[in-house]
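Trainee: Mind looking over this structure? Questions follow.
The values are calculated or read from the model by the stated rules, or taken from the named source; none is laboratory data. All values derive from a computational prediction rather than experimental measurement. A quick note on method: Cβ atoms are made from the backbone with ideal geometry, for glycine too, and the neighbour counts reach across all protein chains shown. The protein model used for the area step is the full one, side chains on, heavy atoms only, and it has no ligands, DNA or RNA in it. Shrake-Rupley method; radii C 1.70, N 1.55, O 1.52, S 1.80 Å.
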Amino acid sequence: MPEKIVIIGAGQAAAQAIATLRAEGFDGSLTLVGDEPFAPYQRPPLSKTYLAGTFERDRLFLKPDAFYTEAKCTTIFGVAAQSIDRSTKKVTLVDGRTLSYDKLLLATGSRVRLIRVPGADLPGIHYLRSIADVDGLRPTFKTSKHLAVIGGGYIGLEVAAVARKYGLAVTVFEALDRVMARAVSKPISDFYEKVHRDAGVVFHLNTGVEGFEGKGKLEAIRAGGKSWPSDVALVGIGIMPNCELAKASGLTFGDGIHVNEFCQTSDPDIFAAGDCTRHHGRDGAHIRLECVQNAIDQAKHAALAMAGKPSTYREVPWFWSDQYDLKLQIAGLIREGDQTVARGDPASRKFAVFHLRNGAVAAVEAVNAAPEYLVGRKLIGEGAHVAPERLADTAIPMKNIA
Amino acid sequence: MPKIKYIEHTGKEHEVEVPNGWSVMEGAVKNLIPGIDADCGGACACATCHVYVDPAWLEKMPPKADMEETMLDFAQDLESNSRLSCQIKVSPELDGLVVKMPKSQH
C-alpha cells in the first residue's frame, strides 16, 4: 500500500477517488490540488438549473467540506500544478510548493475549445465550463436581447433552452448539417431541432462562424457571408483534454492521457481518470469520453488500483441532457453502420432509438423514456441480442423485452 | 429548517436539518450520510438514490412525476413506499420525515 497519494485536478473524478481510496482502506496521506478556487463541484447543472438561476451555488458542491476533513485529505484550491518530476516523484505547484507522492492521480479534466476567428475577444462572447463562466453569462441574459449560440451541441442547446425561458431571441449556428451530431443519431438530432424551432429558436445549419463584429462589444455574428445582429454569444464548440502535465513529464498521450484498463498511465505510479484520459473502450476502440459516468467509474478503478485492488474498467458509458421538459438519456456509444431501431413515436415526446451491432444491443438513446434507457443499459452490459421487431414493439413492456 | 431522519440499511439513524427547497437526496449527501449514491447529482438520470419512505409519511409525499415512476420500476428491491430521494423536495410539511435506505443502490 502506498503512503502518499496526490490528486491533481479537483473535479468529479477527484471527489470519487478520495471516497473510494478511504473506503478501500488506504490510510496514508492524501492531498488534493485544484486550480479553481472551489472544492469539487458538479458541472452538469451549470448549463441547466444553475444558469437558469433555480439551483444555488452551495448546492453544486459534490461533498461538504466535512468530507475532506473526515477523509483527512489536505486540500489546496486555487493553485495549479506546474510540473511533475517522475524521477524524484514530486509535483511542483505554481506557487513553488512541492508535494511528494508514491502514487499520483491526474484528474485534470478538460477545457473549452476556443474559437479562432476575427473579433473572438470582443466583450459579450462567452464560454461555459466553470462556475465563473456561468456567473459571467447569467447576468447578461437579463440585459441582452439576442443570444447567438455558436455550436449546436449539448452545451449550446441546453443554454438555448434556458435563454428562451429568459425571453431572449436565440439563433444557433452549427457547422455540421444537424444538431448534436457528434453525440446522437439523426432521429434524435431531428427531434431536438424541431423542439427548439417550436420554442422559437432559429437555426443556421451547415454554417460556420467567420467572425464577430462590433465596436468595443459584440454587435453581430459574421456567418455564411452575412451579418446577424447579436448582443451576447455563447461558444460551445467542444472541449479539449488537459494533458499538458502528462506531456511535459513524458507520459504517453495523444488527445487524452493514455491509460490502461486499470486507469494507469505509461508510468505505473501515475493514474488518470475522467475527461483528460483516452482508453480502450468495451469494443476495443481507443476513445475519450466526456461525461460524469466516466469520471466516476475511472476514478473508482484508479483508486482501487492505487489501493492494491486492481479491477478492470468495463462499465457501460451513460449520458444525459435536460432541455425544456425533455430528458435525454443515452447508454453505450453509437457508431456508423449500427442498425437503428425506433421504439415509440417522437410526436408523443416519449420514444427511444436502439442501436444494434452484429445483433447485440450496443446503444440506446431515450427521450423521456426511462425504461428503455435502464433496460437498454443492462442489455448493453450483457451484450444481449434482441430481435429488432421486439425492440420496436411498444406493446411488449421493456421488462419483458429480452 | 425541517429535520429529516435517515436510517441506514444497518439500522443506524441520522437526524439532520435540510434547507427548504433542497432534495432529500441532497440532505443525505451534504451530511455525509452513507447509503445514497446519487451519481447524477439529482437529475433523475441514474436511480442510485432510492429510499423507502416511512409509511406514516406517505400521504404527505409530493406525487411522483412519470419519470420518477418509471425509473423506480427498475430499482432493486422496489416496495410500495419506494421513492427516488432526488425528486422529493424538502418543505415545512415534511419536517420530521423518516426515510430508510436500501441494502444497495446498484
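Trainee: I need the full set of residues from the stretch A:316-341 which are loosely packed, with under 15 Cβ neighbours inside 10 Å and not polar (S, T, N, Q), in order please.
Mentor: A:D325, A:R335, A:E336, A:G337
Trainee: Taking the stretch A:53-76 on its own, how many of its residues are open to solvent by 40 Å² or more (accessible area, probe 1.4 Å), in contact (Cβ under 8 Å) with a residue 24 or more places away in the chain and not hydroxyl-bearing (S, T, Y)?
Mentor: Residues that pass the stated criteria total 5.
Trainee: Another question about this same structure. Quick one: in the stretch A:46-76, of everything that is aliphatic (A, V, I, L, M) and under 12 Å from A:I131 (Cα atoms), which residue is nearest to the other protein chains (Cβ to nearest Cβ)? Outline the logic, then answer.
Mentor: Let us first name the residues in the stretch A:46-76 that are aliphatic (A, V, I, L, M), namely A:46, A:51-52, A:60, A:62, A:66, A:71, A:76.
Then drop every residue that is not under 12 Å from A:I131 (Cα atoms), which leaves A:46, A:51, A:60.
Working: A:L46: 11, A:L51: 14, A:L60: 9 Å.
Per the criteria, the residue is A:L60.
Trainee: Something else: Hand me the list of strands (runs of 3 or more DSSP E) wholly inside chain B holding 3 or more residues that are surrounded by fewer than 21 Cβ atoms within 10 Å (Cβ to Cβ) and acidic (D, E).
Mentor: Once the strands (runs of 3 or more DSSP E) in chain B are filtered for at least 3 residues that are surrounded by fewer than 21 Cβ atoms within 10 Å (Cβ to Cβ) and acidic (D, E), what remains is B:13-17.
Trainee: Sticking with this one: Within the set of pairs 6 or more residues apart or between chains, which connect a residue that is aromatic (F, W, Y) inside the stretch A:350-372 to a residue that is assigned to a loop (DSSP other than H, G, I, E, B) with Cβ atoms less than 7 Å apart?
Mentor: A:F351/A:G344; A:F351/A:D345; A:F351/A:A369
Trainee: Let me ask another. For residues that are open to solvent by 30 Å² or more (accessible area, probe 1.4 Å) and hydroxyl-bearing (S, T, Y), scanning just the stretch A:239-277, find the one that is farthest from the chain's Cα centre (by Cα).
Mentor: By that ranking, first place goes to A:S266.
Trainee: Mind checking whether some residue in the stretch A:62-81 is assigned by TED's automatic domain parsing to the domain that holds A:R97 and within 18 Å of the chain's Cα centre (by Cα)?
Mentor: Among the residues of the stretch A:62-81, at least one is assigned by TED's automatic domain parsing to the domain that holds A:R97 and within 18 Å of the chain's Cα centre (by Cα), which makes the answer yes.
Trainee: Give just the number: which of (1) within 14 Å of chain B (Cβ to nearest Cβ); (2) in contact (Cβ under 8 Å) with a residue 40 or more places away in the chain; (3) touching a strand residue (DSSP E or B) at 6+ places or on another chain (Cβ under 9 Å) does A:V79 not satisfy?
Mentor: Exception for A:V79: condition (1).
Trainee: Also: Looking at (1) within 20 Å of A:Y154 (Cβ to Cβ); (2) modelled with pLDDT of 95 or more, can you tell me which one A:T54 breaks?
Mentor: (2)
Trainee: Here's a follow-up. Please enumerate the residues belonging to the stretch A:378-389 that are at pLDDT 95 or above and surrounded by 15 or more Cβ atoms within 10 Å (Cβ to Cβ). Even if it seems obvious, please write down each step before you answer.
Mentor: Let us first name the residues in the stretch A:378-389 that are at pLDDT 95 or above, namely A:379-389.
A:L379, A:I380, A:G381, A:A384, A:V386, A:P388, listed by residue number.
Trainee: Quick check on the stretch A:218-232. Is at least one of its residues surrounded by fewer than 18 Cβ atoms within 10 Å (Cβ to Cβ), touching a Gly at 6+ places or on another chain (Cβ under 9 Å) and charged (D, E, K, R)?
Mentor: Taking the stretch A:218-232 first, the residues surrounded by fewer than 18 Cβ atoms within 10 Å (Cβ to Cβ) are A:219, A:222, A:224-227, A:229.
Retained after the next criterion (residues that are touching a Gly at 6+ places or on another chain (Cβ under 9 Å)): A:219, A:222, A:224.
Subset that is charged (D, E, K, R): A:219, A:222.
Yes, the stretch A:218-232 contains at least one residue that is surrounded by fewer than 18 Cβ atoms within 10 Å (Cβ to Cβ), touching a Gly at 6+ places or on another chain (Cβ under 9 Å) and charged (D, E, K, R).
Trainee: Can I ask one more? Can you tell me how many residues in the stretch B:12-49 are under 22 Å from A:A295 (Cα atoms) and polar (S, T, N, Q)?
Mentor: Qualifying residue count for the region: 1.
Trainee: Could you check, for the stretch A:391-402, whether at least one of its residues is among the basic types (K, R) and modelled with pLDDT of 95 or more?
Mentor: Taking the stretch A:391-402 and keeping what is among the basic types (K, R), we get A:399.
Restricting the remaining residues to those that are modelled with pLDDT of 95 or more gives none.
No: the stretch A:391-402 contains no residue that is among the basic types (K, R) and modelled with pLDDT of 95 or more.
Trainee: Just wondering, is there one or more residues in the stretch A:191-203 that are touching a Pro at 6+ places or on another chain (Cβ under 6 Å), assigned to a helix (DSSP H, G or I) and either open to solvent by less than 50 Å² (accessible area, probe 1.4 Å) or at pLDDT below 95 (or both)?
Mentor: Here is the first cut: in the stretch A:191-203, the residues touching a Pro at 6+ places or on another chain (Cβ under 6 Å) are A:191.
Okay, now just the ones that are also assigned to a helix (DSSP H, G or I), so A:191.
Imposing the further condition that a residue be either open to solvent by less than 50 Å² (accessible area, probe 1.4 Å) or at pLDDT below 95 (or both) reduces the set to A:191.
Scanning the stretch A:191-203, I find at least one residue that is touching a Pro at 6+ places or on another chain (Cβ under 6 Å), assigned to a helix (DSSP H, G or I) and either open to solvent by less than 50 Å² (accessible area, probe 1.4 Å) or at pLDDT below 95 (or both), so the answer is yes.
Trainee: Criterion first (outside any loop (DSSP other than H, G, I, E, B) and of a type in the set (S, T, Y)) does A:Y313 satisfy it? Give the derivation first.
Mentor: Values: outside any loop (DSSP other than H, G, I, E, B): no; of a type in the set (S, T, Y): yes.
In short, no.
Trainee: Also, quick follow-up: Just the residues that are of a type in the set (G, A, S), assigned to a loop (DSSP other than H, G, I, E, B) and in contact with a helix residue (DSSP H, G or I) (Cβ under 9 Å, 6 or more places away or on another chain), please, taken from the stretch A:296-310.
Mentor: A:A307
Trainee: Could you check, for the stretch A:301-320, whether at least one of its residues is within 14 Å of chain B (Cβ to nearest Cβ) and either of a type in the set (S, T, N, Q) or under 30 Å from A:I125 (Cα atoms) (or both)?
Mentor: Within the stretch A:301-320 (the criterion being within 14 Å of chain B (Cβ to nearest Cβ) and either of a type in the set (S, T, N, Q) or under 30 Å from A:I125 (Cα atoms) (or both)), the answer is yes, since at least one residue qualifies.
Trainee: Under 7 Å by Cβ, and 6 or more places apart or on different chains, what pairs join a residue from the stretch A:376-402 that is in the same structural domain as A:N358 (by TED's automatic domain parsing) with one that is assigned to a loop (DSSP other than H, G, I, E, B) and not hydrophobic (A, V, I, L, M, F, W, C)?
Mentor: That search, which allows pairs on different chains as well, returns A:H385/A:G359; A:T394/A:G344.
Trainee: Can you tell me which residue is nearest to A:N358 (Cα to Cα) among those in the stretch A:229-286 that are in a loop (DSSP other than H, G, I, E, B) and among the β-branched types (V, I, T)?
Mentor: A:V259
Trainee: Tell me which residues, restricted to the stretch A:83-97, are without any contact (Cβ under 8 Å) to a residue 24 or more places away in the chain and either open to solvent by 60 Å² or more (accessible area, probe 1.4 Å) or within 14 Å of chain B (Cβ to nearest Cβ) (or both).
Mentor: Matches in the stretch A:83-97: A:S87, A:T88, A:K90, A:V94, A:D95, A:R97.
Trainee: Which of the numbered conditions does A:F38 fail, given that it passes all the others? Conditions: (1) under 19 Å from the mean Cα position of the chain (by Cα); (2) surrounded by fewer than 18 Cβ atoms within 10 Å (Cβ to Cβ); (3) within 12 Å of chain B (Cβ to nearest Cβ).
Mentor: The one condition A:F38 does not meet is (3).
Trainee: Continuing with this model, one more query. Tell me, please, whether a residue that is within 14 Å of another protein chain (Cβ to nearest Cβ) and buried (at least 24 other Cβ atoms within 10 Å of the Cβ) can be found in the stretch A:278-293.
Mentor: Yes, that holds for at least one residue.
Trainee: Taking the residues in the stretch A:329-376 that are of a type in the set (A, V, I, L, M) and assigned to a helix (DSSP H, G or I) as candidates, determine which candidate is farthest from the other protein chains (Cβ to nearest Cβ).
Mentor: Of the stretch A:329-376, the ones of a type in the set (A, V, I, L, M) are A:330-331, A:333-334, A:341-342, A:347, A:352-353, A:356, A:360-364, A:366-367, A:369-370, A:374-375.
When the remaining residues are screened for being assigned to a helix (DSSP H, G or I), the result is A:347, A:370, A:374-375.
Values: A:A347: 17, A:A370: 4, A:L374: 4, A:V375: 7 Å.
That would be A:A347.
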